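To start, the structure under review is shown below, and the notes come after it.
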Amino acid sequence: MSHYIDIHLRPDPEFPAHQLMAALYAKLHRALVQLQTNTIGVGFPGYATAPAGLGSTLRLVGPALELARLMEFGWLKGMRDHTELTPAAAVPAHAAHRSLRRVQAKSSPERLRRRQMRRHGFTAEQARERVPDTSAELLHLPFVVLSSSSTGQTFPVFLKLGPVVPAPQAGSFNAYGLSTTATMPWF
């Protein structure tokens, strides 16, 4: 996690920032899948929980060679008019270290009831008693809305920022640039 590149979204009167961020993040995800890399993490310097939002900057963090490989891949095609890139630079020595991971809510009581019926053999009435409508979990975290290229369905990817840790933690990043174990420089 030695270098980073910031991708800033330019203001656009036709598209809100969250929509442009979703398109940018979707393109990044597809590129990370195709490159089969697990060394590039993402950060959102504008991350905020009140009000929930990711801001207008996507930060890529990783080894200089992997970042160069990603940028040579041409994944920003179609987004060049909407973005400004900073050249790859060394991560500042004073950077904190935090994790950024995906969080999924247990938001559908009906789905949980069906699962109870299937796994435990409960009747619909028993499942309804065990899983009331009030059990729906709502997340108040920043998210980005993505579309599945295989099913065409849209889904939110809620992001939770971990606490500052005293030292970097090693690990790998998934195809969304997120990790449950690895930390990344946060500045």
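The values are calculated or read from the model by the stated rules, or taken from the named source; none is laboratory data. Remember, it's a predicted structure, so these values are computed and weren't measured experimentally. In this analysis, Cβ positions are derived from the backbone assuming ideal geometry, glycine residues included, and neighbour counts consider all displayed protein chains.
Worth a mention:
- Residue in region 161-172 that is exposed (fewer than 14 other Cβ atoms within 10 Å of the Cβ) and under 19 Å from V33 (Cβ atoms) present: yes
- Remark: F155 falls outside the filter, which requires a residue to be modelled with pLDDT of 85 or more, in a loop (DSSP other than H, G, I, E, B), closer than 22 Å to W75 by Cβ and of a type outside the set (S, T, Y).
- Highlighted here are the strands (runs of 3 or more DSSP E) found entirely within region 1-85 that include at least 2 residues which are within 13 Å of the chain's Cα centre (by Cα) and within 27 Å of L139 (Cβ to Cβ): 41-43, 57-62.
- Hits in region 130-165 - residues which are farther than 22 Å from A22 by Cα and either touching a residue at least 60 places away in the same chain (Cβ under 8 Å) or touching an Asp or Glu at 6+ places or on another chain (Cβ under 8 Å) (or both): P163, V164, V165
- Residue list for region 97-115, restricted to those being modelled with pLDDT of 95 or more and either in contact with an Asp or Glu (Cβ under 6 Å, 6 or more places away or on another chain) or over 30 Å from P132 (Cβ atoms) (or both): H97, R98, S99, L100
- Hits in region 39-63 (condition: more than 16 Å from P16 (Cβ to Cβ) and modelled with pLDDT under 95): T49, A50
- Residues of region 101-129 that are without any contact (Cβ under 8 Å) to a residue 60 or more places away in the chain and assigned to a strand (DSSP E or B): V103 alone.
- Residue match in region 131-142 (condition: modelled with pLDDT of 90 or more, on the phi > 0 side of the Ramachandran plot and out of contact with any helix residue (DSSP H, G or I) (no Cβ under 7 Å at 6 or more places or on another chain)): no
- Of all residues in region 56-76 being without any contact (Cβ under 8 Å) to a residue 24 or more places away in the chain and not acidic (D, E), the one that is surrounded by the most Cβ atoms within 10 Å (Cβ to Cβ): A68
Here's the yes/no breakdown for (1) in contact with a strand residue (DSSP E or B) (Cβ under 7 Å, 6 or more places away or on another chain); (2) surrounded by fewer than 15 Cβ atoms within 10 Å (Cβ to Cβ); (3) not hydroxyl-bearing (S, T, Y):
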residue: R10; (1), (2), (3): yes, yes, yes
residue: P16; (1), (2), (3): no, yes, yes
residue: M21; (1), (2), (3): yes, no, yes
residue: A26; (1), (2), (3): yes, no, yes
residue: A31; (1), (2), (3): no, no, yes
residue: Q34; (1), (2), (3): no, yes, yes
residue: T39; (1), (2), (3): yes, no, no
residue: V42; (1), (2), (3): yes, no, yes
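- Filtering region 70-109 to residues that are out of contact with any Gly (no Cβ under 9 Å at 6 or more places or on another chain) and small (G, A, S) leaves G74, G78, A88, A89, A90, A93, A95, A96, A105, S107, S108.
- The listed residue being of a type in the set (D, E, K, R), under 26 Å from Q19 (Cβ atoms) and at pLDDT 90 or above, out of E84, E66: E84
- Exclusive hit being surrounded by 16 or more Cβ atoms within 10 Å (Cβ to Cβ) and aliphatic (A, V, I, L, M), set A88, A50: A88
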